[in-house]
1. Sum -39500 (n - 2.57) across every DSSP H segment of at least 4 residues in the chain, then divide by the residue count to get the 222 nm mean residue ellipticity, nearest 500.
2. Ordered by residue, what ³J(HN,Hα) values in Hz, to whole numbers, does region 97-112 give under the Karplus form 6.51 cos²θ - 1.76 cosθ + 1.60, where θ = phi - 60° and Gly and Pro are x?
3. In whole Hz, what ³J(HN,Hα) sequence does region 51-67 give by Karplus (6.51, -1.76, 1.60; θ = phi - 60°), x for Gly and Pro?
4. Using only C-alpha atoms and all pairs of different ones, pull out the Kirkwood radius for region 5-223 in Å with one decimal.
5. Could you list ASP59, ASP113 so that the one with the fewest beta carbons within 10 Å of its beta carbon is first and the one with the most is last?
6. To the nearest 20 debye, what is the magnitude of the charge dipole of the chain about its Cα centre, counting +1 on the Cβ of each Lys and Arg and -1 on the Cβ of each Asp and Glu?
7. Could you please report the charge total around VAL200, scoring K, R as +1 and D, E as -1 over all other residues with beta-carbon less than 15 angstrom from its beta-carbon?
8. Can you list the residues, at least 5 places off or on another chain, whose amide H is less than 5 Å from the amide H of LEU217, using H built in the peptide plane?
Amino acid sequence: MDFEKKYFEKYREQKLRTNFFNSLIRKLIKKSGRILDIGCAYGFYLKYLENDYETYGIDISLHAVEKAKQICKHSKIAVMSAERLEFKNNFFDLILCLDILEHLINPRKCLDDCKKILKDNGFLIVGVPNTKSILKKLKGTEWFAYRDKTHISIFDKEKWEELFKEHNFEILKCFSEGFWDIPYVKFLKSLQKVFLIPGVIQYKLKRILIPPIGENLIYILRCKK
């Protein structure tokens, strides 16, 4: 699969989302901890964390890594596969893995490696498409997770949770990011921005408010060894 420059043509920083997850990270681990962003793309999360934490980022895309190195001056960033994480065991306090597992042929291998390189009681934050999103039926085959042909591992909530438990990850929280795959129907497109409101409120308040009914499932997991 080609994850180089063309793949990132429409990629932009979503500052509300970035701020939300950075706030979440700061609540989970103390300053100076080690953080890894898997699939860091242009490093938008790392640039807000690198002054307070020891930050690392990996991406399979050379183009993305070169961009991230320009943006993040104090993070260690490298080209690396999410299915072969080459770090020391028990090294990280927290791993961020948003919008990545669905792209992998073998997400189980990524979870295997995360388990090894996380410290005992370290945290893994995962974001994956939610096949039980209550508005998915309105989109059908045009739902966002189906439109992206690089999404090759789309599992239901039960399957993801089975994989997490198989790797001895304790599920601390499961929530969603709201409804952002607008428009959901072909008419009254402008009015459908109302669907964005729950997610925007959650982001701005920096509090977990939305149950697992939206487009993406977000898991906060704790590594138990």
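1. It lands at -8000 deg cm²/dmol.
2. Karplus-based 3J(HN,Hα) across region 97-112 equals 9, 9, 6, 10, 4, 5, 8, 9, 5, 10, x, 4, 5, 4, 5, 4 Hz.
3. With the stated coefficients, region 51-67 comes to 7, 10, 10, 8, 10, 10, x, 10, 8, 6, 8, 4, 4, 5, 5, 4, 5 Hz.
4. Details: mean 1/r = 0.0561 Å⁻¹.
Final number for the Kirkwood radius of region 5-223 is 17.8 Å.
5. ASP113, ASP59
6. Numbers: 42 positive and 29 negative charges, 138 e Å.
That gives a dipole near 660 debye.
7. Details: positive: LYS15, ARG17, LYS193, LYS204, LYS206, ARG207; negative: GLU177, ASP181, GLU215.
Overall, the nearby charge balance is +3.
8. For LEU217, the qualifying residues are VAL128, ASN130.
All of the numbers you see were taken from the coordinates with simple rules; none came from a lab. Worth saying up front: this structure is predicted, and the values here are computed from it rather than measured. Glycine also receives a Cβ, built like all others from the backbone with ideal geometry; neighbour counts cover every protein chain displayed.
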